[in-house]
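The values are calculated or read from the model by the stated rules, or taken from the named source; none is laboratory data. Every value quoted in this text rests on a predicted model; they were computed, and no experiment measured them. FYI the Cβ positions are ideal-geometry reconstructions off the backbone, even for glycines, and counts take in every protein chain you see. Protein only, heavy atoms only, side chains kept; ligands, DNA and RNA dropped before computing areas. Shrake-Rupley method; radii C 1.70, N 1.55, O 1.52, S 1.80 Å.
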Amino acid sequence: MSFKTNVPHWNLSEDDKILYPFGPPIFQTEVSNKFCDELITEGRKLNREEDDWNPRLAGNLKYGRSFIYKREYTDKVEPYILGKVEKFFNGLYEQYGKETKMIDNIMTRAVDKRTFKNGKMMLDTLWINFSKKHDYNPPHNHTGVLSFVIFCQVPEKIFSVQADSNAQRAGYLHFSYGQQISDLMGCEYPIKPYKSLMLIFPAKLEHFVPPYWVDADRISVSGNLIVV
């Protein structure tokens, strides 16, 4: 009799499986190049006087800058972003089964600090990051229930020059989770970004971005989703 499981796993030969029941999920998907270009075009309309977002972020963008999109544009792209979240949730249902309560728990909100009811997912904030040489993001997390990043422009040469180090991850995105209690587990997940890559993850999941060492502009768009 084979062992049945509904947790994320890899099927191996015969009935063998490698189970991954722990840890926060990260949804990897892609957006169109056209959408990336639109995000950049709209982002270039923003300015430091009205739309500066650096003081609200953990990112150390000394040479680049972050700007918050206007509410009208955030509302315009919200349905597209929520469509990606729906795919994420559908994937979790496929893995864990319809009986899982994890998504129901996310989609509830307190009412009068006593009762709970189903809420509605909303794109709360959307901002664009124009990163340059030496800029970086220290370990941090976000507000809300879910966060995401879309990489809109990623020059390949930012990966070509690495520090003299045993962790050569210039320009990568790193997720960190938990305490390493065994050599069989990893607590850090580095991702090499590329244009059109989108990642959706729990807002409280810690992540960071090391600097890169060449003159090039990397452009990404991030956002936080809340339940109202």
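Pairwise alpha-carbon distances in the chain exceed 30 Å for 31% of all pairs.
Quick check for you: with a 1.4 Å probe and neighbouring chains kept, what is the accessible area per residue of the range 32-182, in Å²? Before the final figure, lay out each step's value.
Numbers: 9050 Å² over 151 residues.
In whole numbers, the range 32-182 has 60 Å² accessible per residue.
Which value, in Å to one decimal place, does the Kirkwood hydrodynamic radius take for the range 104-228 when every pair of different Cα atoms is included? Don't skip to the end; give the middle numbers.
Values: mean 1/r = 0.0613 Å⁻¹.
Computed over Cα pairs of the range 104-228, the Kirkwood hydrodynamic radius comes out at 16.3 Å.
Using only side-chain charges placed at the Cβ, +1 for Lys and Arg and -1 for Asp and Glu, the dipole size of the range 80-139 relative to its Cα centre rounds to 140 debye. Given points 7 Å out from each Cα along the Cα-Cβ axis, report the Val111 to Ser32 separation in nanometres with one decimal. Result: 3.9 nm between the two label points. Accessible area of Ile128 (1.4 Å probe, protein heavy atoms only, ligands and nucleic acids ignored): about 0 Å². The per residue volume of the convex hull around the alpha-carbon atoms of the range 63-157 is 169 Å³.
How high is the relative contact order of the chain, given as a whole-number percent (alpha carbon pairs under 8 Å, six or more residues apart)? Before the final figure, lay out each step's value.
Working: 432 pairs, mean separation 64.9, N = 228.
Here the relative contact order equals 28 percent.
The trypsin sites (Lys or Arg not before Pro) found in the range 110-196 that occupy coil by DSSP, while having at most 12 further C-beta atoms within 10 Å, are Lys113, Arg114, Lys120.
Magnitude of the charge dipole for the range 149-228, about its Cα centre and with charges confined to Cβ atoms of Lys, Arg (+1) and Asp, Glu (-1), is about 220 debye.
Share of the chain's accessible area from carbon and sulfur, percent, 1.4 Å?
Taking all protein chains in place, the chain shows 51 percent carbon and sulfur surface.
Binning the alpha carbon pair distances of the range 175-228 at 5 angstrom intervals from zero yields the distribution 4, 12, 21, 21, 18, 13, 8, 3, 0, expressed in whole percent. Dipole size of the chain about its Cα centre, with +1 on Lys/Arg Cβ and -1 on Asp/Glu Cβ: approximately 500 debye, rounded to the nearest 20.
Orientation-averaged projection of the range 1-132 equals 13.1 nm² [convex hull of Cα atoms, one quarter of hull surface area]. Ranking Asn47, Asn11, Thr29 by Cα position along the charge dipole of the range 1-137, where only Lys, Arg, Asp and Glu carry charges on their C-beta atoms, puts Asn47 farthest toward the positive end. Given the options Asn105, Phe116, Val161, identify the residue whose Cα lies farthest towards the positive end of the charge dipole of the range 81-185 (+1 on Cβ of Lys, Arg; -1 on Cβ of Asp, Glu). Value computed over the given set: Phe116. Cysteines in the chain lacking any other cysteine Cβ under 4.7 Å from their own Cβ: Cys187.
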